[in-house]
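Encoded as structure tokens, the structure appears first; notes follow it.
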Amino acid sequence: VYFRGGFGGLEFNRSGFLGWASYTLQDEIIQGLPVDRLQMRYRGPMIGYAVQPNKTVHPKFMMMVGPGHVEVNDEGVRDKILVLKPSVGLGINIFRWLHMDLEGGYRFVSDTEQPSLSDDDLSNFYAGIKFKFGFSW
């Protein structure tokens with residue numbers, strides 16, 4: 001299963017990051033879950049820190065928390081959820097204006113009240129790739 005989305009924000013002193021992110025999983029059939037179709041969206045603020053960001057490869061830490069909703073089997077009933085996504089990864093400075101992050105973490109989902117799903121069904125490990133474009137570095 002893959003999520004798509006994006007984020008934007010401001011970097012402070014090349015190490016700190018404060019921004020906003022939004023992610024969507026739409027109309028996916030997921031093997032192993034007790035539902036036929038699942039739609040999930042969440043968004044919220046994210047904060048991050050890079051250690052020695054001037055090096056070509058450097059460690060990064062990110063945290064996102066925000067509200068969202070989940071809908072199963074196209075029933076039209078949206079259940080509100082809360083998502084917490086801590087992650088750790090590597091930042092790679094490809095060019096002065098292009099950076100790539102490889103990250104992994106765990107997506108904690110809480111407050112699921114769908115009868116066919118639990119918080120554990122939606123919570124899971126994840127990995128991701130982020131590309132950052134800009135001229136302020």
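The values are calculated or read from the model by the stated rules, or taken from the named source; none is laboratory data. In this text, all values refer to a predicted model and were calculated from it rather than measured experimentally. With ligands, DNA and RNA removed, areas are computed over all heavy atoms of the protein, side chains included. Shrake-Rupley method; radii C 1.70, N 1.55, O 1.52, S 1.80 Å.
Please report the carbon-and-sulfur percent of the accessible area for the chain; probe 1.4 Å, protein heavy atoms only, DNA, RNA and ligands left out.
Percent of accessible area from carbon and sulfur atoms in the chain: 58.
Give the ranking of 37, 107, 43 by solvent-accessible surface, highest area first, calculated with a 1.4 Å probe. Don't jump to the answer; show the numbers that get you there.
Numbers: 37 85, 107 25, 43 110 Å².
So the residues, ranked largest to smallest area, are 43, 37, 107.
Excluding same-chain residues fewer than 8 positions from residue 80, which aspartates and glutamates have a Cα within less than 16 Å of its Cα?
Excluding near neighbours in sequence, the set is 71, 111, 113, 119, 120, 121.
I need the semi-axes of the equivalent ellipsoid of the chain: take the C-alpha gyration tensor, multiply each eigenvalue by 5, square-root it, list largest first in whole angstrom.
32, 13, 13
Using a 1.4 Å probe, what is the accessible area per residue for the chain, in Å²?
Value returned for the chain: 60 Å² of accessible area per residue.
In square angstrom, rounded to the nearest 10, how much accessible surface does residue 97 have for a 1.4 Å probe?
We get 110 Å² for residue 97.
Got a sec? What order do 120, 111, 79 fall in by accessible area at 1.4 Å, biggest, i.e. largest, first?
120, 111, 79
Given a 1.4 Å probe and heavy atoms of the protein chains only, how would you sort 38, 10, largest accessible area at the top? Present the calculation step by step, with values, prior to reporting the outcome.
On the way: 38 5, 10 110 Å².
Most to least solvent-accessible, the answer reads 10, 38.
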